[in-house]
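Everything on this sheet refers to the single structure shown next.
The values are calculated or read from the model by the stated rules, or taken from the named source; none is laboratory data. The shown structure was predicted, so the numbers you read here are calculated from the model rather than taken from an experiment. Backbone-built Cβ (ideal geometry, glycine too); neighbour counts: all protein chains shown.
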Amino acid sequence: MEPSPYGMQSKKLTMWLFIASDAITFGAILFAYSYLRVGSANWSRPFQFFPSIANAMVMTAVLLTYMLMQPDGSLPLRISTPMSSLGPLLCRT
């Protein structure tokens, strides 16, 4: 069997080409959707930014901060070394 001319196995190259084409396709779809949404004057808005989206952003930041405080990513019952200003609010005593 002759070696691959690209320096890697053909299965690996095929997988990388699939991932790249999938990312490009998905990015093009998101770009087209954003372009149409921003360009359209009568696109409906289901809800306002504040308070629903802002509230979700704050809750997501709190949850990610809480999870990233642990080195293994587990959700502990008690946080021994708070790494943010939200630490005292999350600690159980």
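To keep it simple, each residue is scored yes or no on (1) touching a strand residue (DSSP E or B) at 6+ places or on another chain (Cβ under 9 Å); (2) modelled with pLDDT of 80 or more; (3) polar (S, T, N, Q).
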residue	(1), (2), (3)
6	no, no, no
25	no, yes, yes
34	no, yes, yes
47	no, no, no
55	no, yes, yes
63	no, yes, no
73	no, no, no
Here is a list of conditions, (1) more than 21 Å from the chain's Cα centre (by Cα); (2) exposed (fewer than 10 other Cβ atoms within 10 Å of the Cβ), and residue 49 meets all of them except one; can you say which number that is? (1)
